[in-house]
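*Asks:* One structure is given below, represented as structure tokens, and several questions about it will come after.
The values are calculated or read from the model by the stated rules, or taken from the named source; none is laboratory data. Source: prediction; values computed, not measured. For neighbour counting, all protein chains shown are included, and Cβ atoms are generated from backbone atoms with ideal geometry for every residue, glycine included.
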Amino acid sequence: MDAELIARFKKYFFGLIEPAIYDTLAMLAATMVLAILFGFLISVVLATTRPGGLKPNRAVYSVLNFLVNFIRSFPIMILIVALLPVTRAVMGTTMGIRGAVFPLTVAATPFMARIFENAMVEVDPQLIEAARSFGASNLQIIFRVMLKEAVPSIVSGTTLATVTYLSATTIAGAIGAGGLGSIAMNYGYHRFDDMVLYTGVVILCILVQLIQLIGNQLYKRL
């Protein structure tokens, strides 16, 4: 019986679960890279144009701040479903990794923008004033002072965001994106196969621990 159980586990693991792990990691990596890039650009505008910022602009800040808060207010599953027509138009499909990365990036970008903005806003204003007194431009202040001082907070926030959007990939997987979420729901929950379901849960727990461990080590180094 044990041999049959082990053989069944190997069949499911190498046939279904292992490819799903790669799909989940691919979705997560693509989402976080794009969200960090776009989120950083948005955060620079927010941090610069906010009241008391380097170049205050109430109109720009108000519009961008509203959009960030508006997108963040959507539950991830509702946002994915609401964006299905846009996802199909932009990516050509709503299924698989390609169909998941677009809505996940839309959801994660405002999250990352807030993390970057908050980290930069928390930088000691005296450091910024000192840089200004030495003739530093706004871009130099952003990249050489604010961003440099904010790195530990950014690492901590990015770790949190990565864990959050790892869970979001499973939600996307449950509605057609593939990955561990799809396997756990379609082959585990719907087919009443506890082996597949709980193997997926355990793997997700391990991934969360690894992400948190890497984030903690980076934070300590920085």
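*Asks:* Looking at the range 54-77 only, could you name the residues that are in contact (Cβ under 8 Å) with a residue 24 or more places away in the chain, assigned to a loop (DSSP other than H, G, I, E, B) and surrounded by 12 or more Cβ atoms within 10 Å (Cβ to Cβ)? Working first, answer last.
*Replies:* Narrowing the range 54-77 to residues in contact (Cβ under 8 Å) with a residue 24 or more places away in the chain: 54-55, 67-69, 71-72, 74, 76-77.
This time we only want the ones that are assigned to a loop (DSSP other than H, G, I, E, B), so: 54-55, 74.
Scanning the range 54-77 gives L54, F74.
*Asks:* Hey, another quick one. Has the range 145-155 got any residue that is within 13 Å of the chain's Cα centre (by Cα), in a helix (DSSP H, G or I) and within 30 Å of G96 (Cβ to Cβ)?
*Replies:* Within the range 145-155, none of the residues are within 13 Å of the chain's Cα centre (by Cα), in a helix (DSSP H, G or I) and within 30 Å of G96 (Cβ to Cβ).
*Asks:* So, one more: With the checklist (1) closer than 30 Å to S137 by Cα; (2) without any contact (Cβ under 8 Å) to a residue 12 or more places away in the chain in hand, flag the one item K11 doesn't pass.
*Replies:* (1)
*Asks:* Here's something else I'd like to know. Quick check on the range 197-220: of everything there that is polar (S, T, N, Q) and touching a helix residue (DSSP H, G or I) at 6+ places or on another chain (Cβ under 8 Å), which residue is modelled with the lowest pLDDT?
*Replies:* The initial filter retains those residues of the range 197-220 that are polar (S, T, N, Q), namely 199, 209, 212, 216-217.
Narrowing the set further to residues that are touching a helix residue (DSSP H, G or I) at 6+ places or on another chain (Cβ under 8 Å) leaves 199, 212, 216.
Details: T199: 84, Q212: 93, N216: 90.
It comes out as T199.
*Asks:* Go through the range 122-157 and count every residue that is under 21 Å from F40 (Cα atoms), hydroxyl-bearing (S, T, Y) and surrounded by fewer than 16 Cβ atoms within 10 Å (Cβ to Cβ).
*Replies:* Total satisfying the criteria: 1.
*Asks:* Ok, one more. Got at least one residue in the range 181-193 being of a type outside the set (D, E), out of contact with any Pro (no Cβ under 6 Å at 6 or more places or on another chain), in contact (Cβ under 8 Å) with a residue 24 or more places away in the chain and closer than 22 Å to V33 by Cα? Talk me through it step by step, then tell me what you get.
*Replies:* As a first pass, look at the range 181-193 and keep what is of a type outside the set (D, E): 181-192.
Within this subset, residues satisfying the condition of being out of contact with any Pro (no Cβ under 6 Å at 6 or more places or on another chain) are 181-192.
Going one step further and asking which of them are in contact (Cβ under 8 Å) with a residue 24 or more places away in the chain, we end up with 181-183, 187.
Keeping just the survivors that are closer than 22 Å to V33 by Cα gives 181.
Scanning the range 181-193 turns up at least one residue that is of a type outside the set (D, E), out of contact with any Pro (no Cβ under 6 Å at 6 or more places or on another chain), in contact (Cβ under 8 Å) with a residue 24 or more places away in the chain and closer than 22 Å to V33 by Cα.
*Asks:* Turning to a different aspect of this structure: Mind checking which residues of the range 82-101 are surrounded by fewer than 18 Cβ atoms within 10 Å (Cβ to Cβ), closer than 23 Å to A113 by Cβ and in contact (Cβ under 8 Å) with a residue 12 or more places away in the chain?
*Replies:* Listed by number, the residues that qualify are V86, V90.
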